[in-house]
Amino acid sequence: MATVTPSAAAPVAASATPQASSGQAAANAHPHETTDGFHLVIEALKLNGIDTIFGLPGIPITDHTRMIQGAGLRMISFRHEQNAGYAASIAGFLTQKPGICLTVSAPGFLNGLTALAHATTNCFPMILISGSSEREIVDLQQGDYEEMDQLAIAKPLCKAAFRVLNAEDIGVGIARAIRAAVSGRPGGVYLDFPAKLFAQSIDAAAGKASLIKVVDAAPKQIPAADAVKRALDLLKGAKKPLIVLGKGAAYAQADADIKALVEKTGIPYLAMSMAKGLLPDTHELAAGAARSYVLPEADVVMLIGARLNWLLSHGKGKTWGGKDHKAWGHQKFIQVDISPQEADSNVKIDAPVVGDIGSAVSALVAAIGSSWTRPPAEWTGAINERKTKNIAKMAETLARDPSPMNFHSALNVVRDIIKANPDAMLVNEGANALDFTRSIVDMYKPRKRIDVGTWGIMGIGMGYSVAAAVVTRQQVIAVEGDSAFGFSGMEVETICRYNLPVCVVVMNNNGVYKGTDVDPTGRDPAPTVFVKGARYDKIIEAFGGVGVNATTPAELRRAMEEAIRSRKPTLINAVIDESAGTESGRITSLNPSVKKK
Ligand code: ADP
Ligand code: TPW
Ligand code: MG
């Protein structure tokens, strides 16, 4: 038999087996305690404060999932590993502990791997643990059950990858994985556990002694005093300073210091998507509603946990006031980041501050002291003028009540609901469904908005919703494009099975971006459209959840309020004008098939 399918073992760590040698019977009157790989993995995770595993059972980890549950950890079992992986990745973001995803070998591993790469790209700490097949057979390519050299495949897609062959090395393997995931720039780690490892039996005392409780897994990285001074000198001389907060700042949980930095300096700030709510979006220094004014106009920009990648137009081009799409603007940059390699990735960084955001921002706040001169009133005044104008324009649009609903009239409801429930978690994916939600729905508290992240990935929706509900125990509201929802829609069963307080709102415009495309030959549906008038609400009813079809803002509001009141799993099919969206939402310019102006 190539794979080990152990029989169900006792749920507690050690089992007693009589000593084998009869010659030593007198000397070994006490039974010899043993433990195995299954239990050592569980004990090692528990020892390091991990209480929840996201995964999907099968050979060789079926018994493991049972034992995890039996040992008192939460084992959240999904319908597809990718969703379990996304759940683990966002659990890592929300808790600063590595989110754990547990899968079977080859296909299960590959299904989880997208999420591991996603975690690495987004700087979220996550560990993908996959069972794997017999090394001896895999390495000779003799065709084992689910044969694959998983370690080699995982390596380029994560921050670190380890394989454990011996039960006595499980403690070290898990300690290394935890350190790699959470220290420095967080990321994804792969842990390969061959089937044989789980059933390996070793002396219980030796096993226990081999486990490591990781001390100071994410050590503080204090920025150098001269780096802090260089940054503040630059900021002091600015006439039009701007702070950009990214999801690294949200991850760092340095909320009070970030608030102090913004408020003490009086510098306007922009919050990247998942940094929304670090300070309330309604804050007087929030410059989001004047984004297209502040980016090209600013003279000194302080990035805090935000990369100058595509989401910030690489720090150059027209967005930043450059003459053409590649030209630098006139900005000088300060970048606060834990990664020393991040600076100069796209444009010159005049003042890198390398350190963890907690330490760096508190050092900045301390060095500012009480004699700081706030930015010139011309700057803040000009921003406020634009803000007021744009907010008034938006209020006008939101107040309209067209039939059928459009994104604005539907999201006006979501906006009110979040305002009334600021502790709720908002999950968001889609194109128009994403971009409009980001700009219309204000956030009031840190780490409440979780979305498609650095890749603009579709499919995070239900995995994130499950994790957000399990980890925070708050109400979850998932605003989903109808296409986006389809990537993980089957997990509404998971939401119902665990009875999670998740309210999914499917913004149903009959397709990807819009529902109006046609096949020019008249043969098939166009590649971007779905079944017209689809009733996504019926899906959740199959599993005992509440389904609502909402065709007006009033119906949507009533259904969302009821979902929050009851905390029942709910899916609302919000019927949106199928012509309301635009191609690729706000990023049409990146689409090679669309003519650029
Ligand atoms: P956004 O998409 O919101 O702009 P990014 O994911 O591009 O944010 O950037 C996050 C940045 O935050 C990364 O460069 C990462 O190294 C950094 N980062 C993550 N955690 C910390 C931390 N605790 N301290 C400092 N920097 C951090
Ligand atoms: C894993 C490409 C970007 S946005 C989108 C797709 C398929 C769906 C947009 O339609 P939706 O939203 O969700 O109905 P709306 O409101 O505009 O109609 N595969 C992956 N990730 C991405 N980003 C894509 C494909 C894409
Ligand atoms: Mg759509």
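The values are calculated or read from the model by the stated rules, or taken from the named source; none is laboratory data. Everything numeric in this text was worked out from a predicted model, so none of it was measured. Heads up, the Cβs are rebuilt from the backbone with ideal geometry, glycines too, and the neighbour counts pull from every protein chain shown. Accessible surface is based on the protein model in full, side chains and every heavy atom, while ligands, DNA and RNA are left aside. Shrake-Rupley method; radii C 1.70, N 1.55, O 1.52, S 1.80 Å.
Screening region 146-246 for helices (runs of 4 or more DSSP H) wholly inside it with 3 or more residues that are within 23 Å of the chain's Cα centre (by Cα) and either closer than 20 Å to Ile127 by Cβ or within 16 Å of ligand 2 (Cβ to nearest atom) (or both) returns the ranges 170-182.
Residues that are closer than 21 Å to Ala217 by Cβ, open to solvent by 10 Å² or more (accessible area, probe 1.4 Å) and not β-branched (Val, Ile, Thr) within region 80-97 comprise Leu94, Gln96, Lys97, listed in sequence order.
Could you count how many residues in region 433-473 are without any contact (Cβ under 8 Å) to a residue 60 or more places away in the chain, more than 26 Å from Lys387 (Cβ to Cβ) and away from ligand 3 (no atom under 16 Å from the Cβ)? Adding up the residues that qualify gives 3. Arg179: open to solvent by 10 Å² or more (accessible area, probe 1.4 Å) and at pLDDT below 95, yes or no? In short, no.
One residue stands out among those in region 247-267 that are closer than 16 Å to Ile338 by Cβ and in contact with a Leu (Cβ under 7 Å, 6 or more places away or on another chain): the one that is farthest from ligand 1 (Cβ to nearest atom), which is Ile258. Within region 388-408, the set of residues being in contact (Cβ under 8 Å) with a residue 24 or more places away in the chain, outside any loop (DSSP other than H, G, I, E, B) and open to solvent by 60 Å² or more (accessible area, probe 1.4 Å) comprises just one member, Ile391.
Within region 140-177, the set of residues being of a type in the set (A, V, I, L, M, F, W, C) and out of contact with any helix residue (DSSP H, G or I) (no Cβ under 9 Å at 6 or more places or on another chain) comprises Leu140, Leu151, Ala152, Ala177. Elements of the type strands (runs of 3 or more DSSP E) sitting completely within region 489-597 and holding at least 1 residues that are more than 16 Å from ligand 2 (Cβ to nearest atom), without any contact (Cβ under 8 Å) to a residue 24 or more places away in the chain and open to solvent by less than 60 Å² (accessible area, probe 1.4 Å): there are none. Step by step: first the residues of region 417-451, then only those that are open to solvent by less than 10 Å² (accessible area, probe 1.4 Å), outside any helix (DSSP H, G or I) and hydrophobic (A, V, I, L, M, F, W, C), then the one that is nearest to Gly581 (Cα to Cα). Which residue is that? Residue satisfying both the conditions and the ranking: Val441.
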